[in-house]
Amino acid sequence: MTSLKKVSLLALAMIVLIMPVIAMSDDASGEVSLYDDDVWVSKGFDDRTNGIISVRLFNAGTDEVAITVSIGNVEGITYISRDLNLQPEEVRTETLSFRITEPGTYYLEVIVTGEEDAVTEQNRQTLTIIVDRSIWSNTWTYVAIIIVIIIVAIAAFIKMRGTPRGADEAGTFTAMEEERKAGKKRSGTDREEYKGRKKKE
């Protein structure tokens with residue numbers, strides 16, 4: 001057998017051995033899905049603050065996979081999207097925070113996309129959320145605060161007006177007068193003691 005035939009036979013054997021490995025690596029690229037359709041609201045929404053939606057993802061493949069998780073409404077408006085890399089056999093909970101400024105009921109879709117064959121059919125989940133009106137979006141909140149401030153100011157004013165100034169001054173004058181009388185008595189007593197001592201001497 002010539003060396004050319006030997007090299008050709010060896011190359012053919014190598015191709016036959018490599019083909020299944022290539023096929024396996026293609027099949028095993030990534031199989032990312034929503035883990036048990038697990039999507040939930042972690043923090044409620046209102047028209048002034050962000051809510052949070054948690055999404056649990058699972059890469060059932062043997063390769064790292066780059067994916068995009070996005071949340072939007074059924075009419076095609078996307079509220080948030082995030083690019084992620086999932087390791088083989090990784091289960092990850094991703095939290096996505098965003099705000100919807102108009103109160104009401106919304107029907108959302110959580111969609112996972114990636115490279116071709118990277119995402120399984122279990123890549124979409126619908127979710128209903130209610131966006132409440134914040135207490136700070138209500139005019140009556142500010143009206144109530146203003147009313148409370150006015151009531152406190154009036155109460156303080158009435159209390160200040162109800163304490164007459166003259167009474168304070170009279171009280172001070174009386175205290176001073178009593179101290180003066182006590183001082184006179186003390187000095188009279190001192191004099192008597194002094195006289196008494198003189199007589200004894």
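Among Y106, S81, V39, which residue has its Cα positioned farthest towards the positive end of the charge dipole of region 31-132, with +1 placed on the Cβ of Lys and Arg, -1 on the Cβ of Asp and Glu, and the dipole taken about the Cα centre?
Y106
Please give the FRET efficiency for E115 paired with K43, using the beta carbon to beta carbon distance and R0 = 25 Å, rounded to the nearest 0.05.
In this case the efficiency is close to 0.20.
For region 31-132, what is the relative contact order in percent, using Cα pairs closer than 8 Å and at least 6 residues apart in sequence?
With pairs under 8 Å counted, the relative contact order is 35 percent.
Excluding I135 itself, what net charge comes from residues whose Cβ is under 15 Å from its Cβ, given Lys and Arg +1 and Asp and Glu -1?
-1
Restricting to bridges with both residues inside region 31-132, how much of the DSSP beta-bridge set is antiparallel, in percent to the nearest 5?
Of the beta bridges lying entirely in region 31-132, close to 95 percent run antiparallel.
Can you give the local net charge around P103? Use residues other than it whose beta-carbon is closer than 14 angstrom to its beta-carbon, Lys and Arg +1, Asp and Glu -1.
Here the charged neighbours net out to -1.
Could you list W40, W140 so that the one with the fewest beta carbons within 10 Å of its beta carbon is first and the one with the most is last?
Result, fewest neighbours first: W140, W40.
Give the calculated FRET efficiency between I146 and T95 to the nearest 0.05, with a Förster radius of 35 Å applied to their Cβ-Cβ distance.
It comes out at approximately 0.35.
What does the charge add up to near I80, with Lys and Arg as +1, Asp and Glu as -1, over the other residues with Cβ less than 15 Å from its Cβ?
With Lys, Arg at +1 and Asp, Glu at -1, the neighbours total 0.
No lab work stands behind these numbers, since they all come straight from the coordinates. Computed from a prediction, not measured in an experiment: that's the story for all the values here. So basically every Cβ, Gly included, is an ideal-geometry build from the backbone, and we count neighbours across all protein chains shown.
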